[in-house]
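Enquirer: Dropping a structure here in structure tokens format, bear with me for questions.
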Amino acid sequence: MKEGNQIWGPYLALLKRDENLVKLHYKVSGHRVSPYLELQADDLYRNGSGRMEFSQLDVNPYIRFFSIFDPLLTPDNLGYDEFNQALSDVLLHYLADLDVKLGMCKWDFYIEFLVRDMERGTYGGLEELVFFTGEERRIVAGWLLCFYQTGDGIESILGVVKALLPACEVFIREGEEIVFHMREPQGEAAGKRLLFLIRLFLPLSFDYTVHWMETYGVIGYDRTMQQEGFLLA
């Protein structure tokens, strides 16, 4: 079954976008629906608009959840429709969250723990952390876990900078200094993001320099040894 046709698909999509899950509303119709689809929607992720919306997604309980919803699925009008819909929404949110967690491996749990520690200020830099989205924090946590496993802070910071700061080139000069060349005008957000990563990954024994727009020529990196736009030193 495709991700888009399962209750955890839109649930996980909202989590990745750091959006409030109250936007997601599940409902269970009282009539029998298609036996092949878990979610009944013509255009699940857009609902005819340019944005991703999940208002009132019709769920087919007959595929996986019949034993749970059987007491609610009755042809008789008992006057509890509003209550049943609210209860169905709560149950399906819980089931979608359970689906997402059951699909997690040990690595995913480690990432969640590290993100939680970052947000609690364990690593400091809370002022810089606000410039990272939830998905970016998970990327940082993934490289931090790699750092813990390998002990190689240099390779870890090279990887995380490449992933999160595509405008930044990193050069290692004589094995003792790292040069961060930000090929963009200096800005608060990019500067604080880079500073957070430097504090998190760079060994204390390493000196570093940050250049914005223009940088020094770095011996061993031919593309920096050009007179146009660089100061040779």
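The values are calculated or read from the model by the stated rules, or taken from the named source; none is laboratory data. Keep in mind that what you see is a predicted model, and the values were worked out from it rather than measured. Glycine gets a Cβ as well: all are built from the backbone with ideal geometry, and neighbour counts include every protein chain shown. Accessible surface is based on the protein model in full, side chains and every heavy atom, while ligands, DNA and RNA are left aside. Shrake-Rupley method; radii C 1.70, N 1.55, O 1.52, S 1.80 Å.
Enquirer: For region 191-205, what are the residues that are open to solvent by less than 90 Å² (accessible area, probe 1.4 Å) and out of contact with any Asp or Glu (no Cβ under 7 Å at 6 or more places or on another chain)?
Expert: Selection gives GLY191, LEU194, LEU197, ILE198, LEU200, PHE201, LEU202, PRO203.
Enquirer: Which residues, taken from region 140-155, are open to solvent by 60 Å² or more (accessible area, probe 1.4 Å) and either within 27 Å of ASN20 (Cα to Cα) or part of a strand (DSSP E or B) (or both)?
Expert: TRP143 - this is the single residue of region 140-155 that is open to solvent by 60 Å² or more (accessible area, probe 1.4 Å) and either within 27 Å of ASN20 (Cα to Cα) or part of a strand (DSSP E or B) (or both).
Residue by residue, here is whether (1) at pLDDT 85 or above; (2) exposed (fewer than 11 other Cβ atoms within 10 Å of the Cβ); (3) of a type outside the set (A, V, I, L, M, F, W, C) holds:
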position	(1), (2), (3)
LEU78	no, yes, no
GLN85	no, no, yes
ASP89	yes, no, yes
HIS93	yes, no, yes
LEU98	yes, no, no
LYS101	no, no, yes
PHE109	yes, no, no
GLY124	yes, no, yes
GLU127	yes, yes, yes
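For (1) at negative phi; (2) open to solvent by 10 Å² or more (accessible area, probe 1.4 Å); (3) at pLDDT 90 or above, each residue gets a yes or a no:
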| residue | (1), (2), (3) |
| --- | --- |
| ILE157 | yes, no, yes |
| VAL161 | yes, no, yes |
| ILE172 | yes, yes, no |
| GLU176 | yes, yes, no |
| GLU184 | yes, yes, no |
| ALA189 | yes, yes, yes |
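Enquirer: On to the next question. Are any of the residues in region 212-222 open to solvent by 20 Å² or more (accessible area, probe 1.4 Å), part of a helix (DSSP H, G or I) and modelled with pLDDT of 90 or more?
Expert: Within region 212-222, not a single residue is open to solvent by 20 Å² or more (accessible area, probe 1.4 Å), part of a helix (DSSP H, G or I) and modelled with pLDDT of 90 or more.
Enquirer: Continuing with the same structure: Report yes if ARG137 is in contact with a helix residue (DSSP H, G or I) (Cβ under 6 Å, 6 or more places away or on another chain) and either of a type in the set (Gly, Ala, Ser) or surrounded by 14 or more Cβ atoms within 10 Å (Cβ to Cβ) (or both), otherwise no.
Expert: yes
Enquirer: Condition first: acidic (Asp, Glu) and not in a helix (DSSP H, G or I). Now tell me which residues in region 158-211 satisfy that.
Expert: Of region 158-211, the ones acidic (Asp, Glu) are 169, 174, 176-177, 184, 188, 207.
If the condition is that a residue be acidic (Asp, Glu) and not in a helix (DSSP H, G or I), then GLU169, GLU174, GLU176, GLU177, GLU184, ASP207 are the ones that fit.
Enquirer: OK, next. Inspect all residues belonging to region 58-74 and state whether any of them is modelled with pLDDT under 65, crowded, with 16+ Cβ neighbours inside 10 Å and more than 20 Å from LEU98 (Cα to Cα).
Expert: no
Enquirer: Sticking with this one: Within region 110-157, can you find the residues that are touching a residue at least 40 places away in the same chain (Cβ under 8 Å) and among the charged types (D, E, K, R)? First the steps, then the outcome.
Expert: So the first thing to find is which residues in region 110-157 are touching a residue at least 40 places away in the same chain (Cβ under 8 Å), and the list is 123-125, 127-129, 131-135, 140, 143-144, 147, 153-154, 156-157.
Passing the criteria: GLU127, GLU128, GLU135.
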